[in-house]
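Worksheet: one structure, shown below.
Derivation of every value follows stated rules applied to the coordinates shown; laboratory data play no part. Please read all numbers here as calculations on a predicted model, not as lab measurements. Note that we place each Cβ from the backbone using ideal geometry, even for glycine, and neighbour counts take in every protein chain shown.
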Amino acid sequence: MRLTIGLKLFIAYFIISSGIVWVVTDKMTVRLTKGIDEAAEEVMIDASNLLAQMVSNDIEYDQINVEKVHALISGYLNRELNASIYSVTKKNPNLQVYVTNKDGIVIYDSTGKRKGKDYARWNDVYDTLRGKYGKRSSAFDPTIKAPTADQKAMYVAAPIYHNNQIFGVLTTVKSTIDLKPFVLEQKQQINQYAIYLFLISLLFGAGASYVVSRGTNKLVRYTTALSRGENVVAPKIRQVEFAELSKAIEK
């Protein structure tokens with residue numbers, strides 16, 4: 001089966017359009033995921049610094065009051081939520097929190113799994129103890145050595161001050177899986193818009209192919225009739241190139 005010029009044009013348009021839509025959708029999805037992570041990190045910075053300031057205010061006898069920290073965080077974790085964030089409903093608080101002393105030893109952990117461990121070399125604690133912004137992306141479960149993207153979490157730290165000196169570190173932890181519903185929701189919208197764009201482009205391509213095919217078919221019928229010696233009038237063709245060719249044949 002020989003393909004007509006119109007069909008060839010449509011196939012080429014289909015391949016190019018689908019490729020462009022796929023690349024743009026893929027790039028937008030990657031940027032979307034990164035944007036949501038960045039927005040979450042910005043909120044976690046505020047949360048970490050707010051909690052760190054509250055802990056700083058409760059330091060007694062040159063000691064971080066772990067009991068008050070426990071009461072504060074436990075109260076937060078026991079709160080019942082019913083927050084509708086667009087189509088996503090948040091039922092429970094899901095931030096984890098741990099606190100280290102100035103030596104990087106965990107003295108409080110909301111899960112109880114990290115208490116007593118030395119976190120002095122972890123980036124969130126290491127950088128914060130040196131007056132820098134401390135954060136890291138690591139496994140949500142400390143026992144997982146090679147985490148996948150869904151098994152990771154964001155760790156954002158803030159300094160605890162006492163007598164104008166860094167006295168410890170408070171880190172908030174959020175699993176990336178908690179952000180996945182928002183990513184999936186936005187991905188669905190992007191895919192939906194991509195389908196609409198693709199269908200519109202296909203309609204445009206089909207229209208362009210039809211116009212070209214119509215012009216070539218008129219020209220083919222005209223030249224065929226002339227070859228048979230028939231006395232026919234040159235067809236009216238809108239495409240400039242085909243119209244000029246038709247006039248040249250007529251002469």
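Taking the Cα centre of the stretch 38-176 as the origin, how large is its charge dipole in debye, to the nearest 20, when only Lys and Arg (+1) and Asp and Glu (-1) carry charge on their Cβ atoms?
Its charge dipole is roughly 380 debye.
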Worksheet item: Ile105 versus Phe14, label points 7 Å from Cα toward the beta carbon: distance in nm?
Response: 7.0
Fill in: Violating pairs (Cα-Cα greater than 31 angstrom) within the set Lys90/Lys187; Lys102/Lys180; Lys115/Lys180; Lys68/Lys145
Lys102/Lys180; Lys68/Lys145
Practice prompt. Name the long-range amide H neighbours of Ile107: under 5 Å, sequence gap of 5 or more, or other chain; modelled H, no Pro or chain starts.
Written response: Val99, Thr100, Asn101, Gly116
Item to complete: Under a cut-off of 15 Å between alpha-carbon atoms, report the aspartates and glutamates in cross-link reach of Lys34, not counting same-chain residues fewer than 8 places apart.
Response: Asp26, Glu42, Asp150, Asp178, Glu185
Practice prompt. Just grab the label-to-label distance for Lys117 and Ile166, each label 7 Å out from Cα along the Cβ direction, in nm (one decimal).
Written response: 2.1
Worksheet item: What list of ³J(HN,Hα) couplings, whole Hz, do you get for the stretch 72-87 from phi and the Karplus terms 6.51, -1.76, 1.60, once you set θ to phi - 60° and write x for glycine and proline?
Response: 5, 6, 4, x, 5, 5, 8, 5, 9, 10, 8, 9, 9, 9, 6, 9
Worksheet item: Suppose every K and R has +1 on its Cβ and every D and E has -1 on its Cβ; what is the size of the dipole of the stretch 98-138 about the Cα centre, in Debye to the nearest 20?
Response: 80
Fill in: Around Tyr126: net Lys/Arg minus Asp/Glu count, Cβ-Cβ under 10 Å
+2
